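Here's the structure we're looking at; comments come further down.
What follows draws every value from the coordinates through simple rules; no lab data is involved. Nothing here was measured: the structure is a model prediction, and the numbers come from that model. For neighbour counting, all protein chains shown are included, and Cβ atoms are generated from backbone atoms with ideal geometry for every residue, glycine included.
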Amino acid sequence: MALYSEKVMDHFRHPRNVGSIENADGIGEVGNAKCGDIMKMYLKIDDDIVTDVKFETFGCGSAIASSSMATELIKGKPLNEILQLTNKAVTEALDGLPAYKLHCSVLAEEAIQAAVKDYYERKKKPAADAQASAETSK
């Protein structure tokens, strides 16, 4: 059995949504000091819908693949829905990651949450509103 799935390798070799968004509505940056991965997510949001998303990741293939897949999973979705995205969903969408690389999918989840939090701070709206909205849509 291969260490990485075909989807992981595809998103690593051909990552989607790479780059930055000028005048992004929300930016989230997270890192893992243990492994050195750094992930930055940029969101463009219109009427609480993610209309564009880009990422910049410095890290291993799993971190790049997790970033890429996460952007695919949230593009076009409402904020309350993307706040429900878990690292497990990212991992499943990639057809799995080795156990010692699961932290990469956690970074993707955290980067999205940080970008949404930044968006709410910029809009002077309490992030609790987003979380409450996410909870009611579950």
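Backbone phi angles across segment 90-103, fed through the Karplus curve with coefficients 6.51, -1.76 and 1.60 (θ = phi - 60°), yield HN-Hα couplings of 5, 4, 5, 5, 8, 6, x, 9, x, 3, 6, 10, 4, 4 Hz in residue order; Gly and Pro are listed as x. A Cα-only calculation for segment 68-132 places Rg and Dmax at 12.6, 40 Å. For the peptides 70-82, 100-112, the ranking by mean Cβ contacts within 10 Å, running from highest to lowest, is 100-112, 70-82. Close amide-amide hydrogen proximity is noted between VAL50 and GLY76, LYS77, LEU79, each under 5 Å apart and 5 or more residues distant or on a separate chain (H modeled in the peptide plane; Pro and chain starts excluded).
Pairs exceeding a 23 Å alpha-carbon distance, out of LYS88/LYS123; LYS34/LYS125; LYS44/LYS124; LYS44/LYS101; LYS40/LYS123; LYS34/LYS75: LYS88/LYS123; LYS34/LYS125; LYS44/LYS101; LYS34/LYS75.
Dividing the convex hull volume of the alpha carbon atoms of segment 1-54 by its residue count gives 117 Å³ per residue.
Computing percent of Cα pairs over 27 Å apart directly from the structure and comparing it against (i) 22; (ii) 16; (iii) 34 singles out (ii).
In the chain, the calculated helix contribution to ellipticity at 222 nm averages -14000 deg cm²/dmol per residue, counting -39,500 (n - 2.57) for every DSSP H run with n ≥ 4.
With both labels modelled 7 Å from their Cα along Cα-to-Cβ, the GLU56 to LYS124 distance reads 2.9 nm.
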